[in-house]
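Participant: Sharing a structure, written as structure tokens. Questions coming.
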Amino acid sequence: MAVTTTDIATYVRDVLEANDEATAAAARAIVRSGHRGGLVRPAGAGHSLAAVLETFFRAGGLAFVSPLWHPDVLPFAGARLATDAERRPGLGRRVAEEAGLGPDDTVVIFSNSGVNPYPVEIAEVARERGAAVVAFTSLRSSEAAPRRSSATVASLADVVVDTAVPPGDVSWPPEAPVTSPLSSIANTALWTTILRKVHDLDPGLPRWRSANVEGNDEHNAALMARFEDRVTAL
């Protein structure tokens, strides 16, 4: 799928429509993990970590989410270090192996190009451990990007959610784009859609509630007690 419009709202609509089957498949994998006692394990590096934050410990989000991450891939810890870290062979494999992935887990990898060792290695370990792998990636960007691994995230995924982001993650001005990145917008819209589909499949799965609405602290405290031994970031 290619971006055929410069209008952001139209782009989001087209991406959601084109990924209707993929988001439904991702929702089924997540519900399966919830029913079997598994976890959703989101991962990303650089600005893809914005999408990981959308999945974890937020109002309306699923409670059985435990991120895979390393401080070196966070730009706030050093922008140059973060770029180096996602290209560094071995880091993603170490993060994934130490996480203790299992066949009941769903690993959700956010990676615009999907070519760097960090996300690719996480996908490889997830497959080795029998976990379901969902990739949020742009097939266009992946095809255009320089190869830094023996595979791409898309090639290793059970479900590919194609964000259709143009190479370079820029969209404006149309004749020579240099700004207005689209990947974060696409990831958030697609993940929100998956949450809706997860709810429709099983409205009883545990979800966080806003801490700024009266009466929700007790609900969240109970979820904390239930998951804190398995979700280390809590």
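The values are calculated or read from the model by the stated rules, or taken from the named source; none is laboratory data. Treat the numbers as computed from the prediction; the structure is a model and nothing was measured. Positions of Cβ are generated from backbone atoms using ideal geometry, with glycine treated the same way; all protein chains shown enter the neighbour counts. With ligands, DNA and RNA removed, areas are computed over all heavy atoms of the protein, side chains included. Shrake-Rupley method; radii C 1.70, N 1.55, O 1.52, S 1.80 Å.
Participant: Where the accessible area of the chain is counted over protein heavy atoms with a 1.4 Å probe, how much of it, in %, is carbon and sulfur?
Facilitator: 52
Participant: Return the calculated 222 nm mean residue ellipticity for the chain, to the nearest 500 deg cm²/dmol, obtained by summing -39500 (n - 2.57) across DSSP H runs with n ≥ 4 and dividing by the residue count.
Facilitator: That calculation yields -13000 deg cm²/dmol at 222 nm.
Participant: How many angstrom lie between the Cα centre of segment 130-153 and the Cα centre of segment 180-234?
Facilitator: So the two Cα centres are separated by 26 Å.
Participant: How high is the relative contact order of the chain, in percent, with contacts defined as C-alpha pairs under 8 Å that are six or more residues apart?
Facilitator: The value is 23 percent.
Participant: Using the heavy atoms of the protein chains and a 1.4 angstrom probe, tell me the accessible area per residue for segment 70-220 in square angstrom.
Facilitator: 46
Participant: Let me make sure I get this right: for segment 97-156, a, b and c are the square roots of the gyration tensor eigenvalues over alpha carbons, sorted descending. Under 1.5 in a/c it's rounded, otherwise prolate if a/b > b/c, else oblate. Which is it?
Facilitator: Prolate.
Participant: Still on this structure: Cα axis of helix 20-36 to longest principal axis of the chain: angle in degrees, 0 to 90, nearest 10?
Facilitator: The helix 20-36 is inclined about 30 degrees to the chain.
Participant: With +1 assigned to the C-beta of every Lys and Arg and -1 to the C-beta of every Asp and Glu, and no other charges, what is the dipole magnitude of segment 113-234 about the Cα centre in debye, to the nearest 20?
Facilitator: Roughly 180 debye, rounded to the nearest 20.
Participant: Among DSSP beta bridges lying fully in the chain, give the percent that are antiparallel, nearest 5.
Facilitator: 10
Participant: Further question: Answer with one residue from 184, 52, 174: the one whose Cα lies farthest towards the positive end of the charge dipole of the chain, charges on Cβ with Lys, Arg +1 and Asp, Glu -1.
Facilitator: The listed residue farthest towards the positive side: 52.
Participant: For segment 111-177, calculate the relative contact order in percent as a whole number, restricting contacts to Cα pairs under 8 Å that are 6 or more residues apart.
Facilitator: Dividing the mean separation by the residue count of segment 111-177 yields 40 percent.
Participant: Once you order the gyration tensor axes a ≥ b ≥ c over the Cα atoms, which shape class does segment 1-113 get: rounded for a/c under 1.5, otherwise prolate or oblate by comparing a/b with b/c?
Facilitator: It comes out oblate by the Cα gyration axes.
Participant: Further question: Assigning unit charges at the beta carbon (Lys, Arg +1; Asp, Glu -1) and nothing else, what dipole magnitude in debye, to the nearest 20, does the chain show about its Cα centre?
Facilitator: Dipole magnitude for the chain comes out near 360 debye.
Participant: Hey, another quick one. Please give the peptides 160-167, 119-126, 223-230 ranked by average Cβ packing (other Cβ atoms within 10 Å per residue), highest first, as a rough proxy for protection.
Facilitator: Ranked from most to least packed, the peptides come out as 119-126, 160-167, 223-230.
Participant: Assuming a ≥ b ≥ c are the square roots of the Cα gyration tensor eigenvalues, decide whether segment 55-174 counts as rounded (a/c under 1.5), prolate (otherwise, with a/b larger than b/c) or oblate.
Facilitator: rounded
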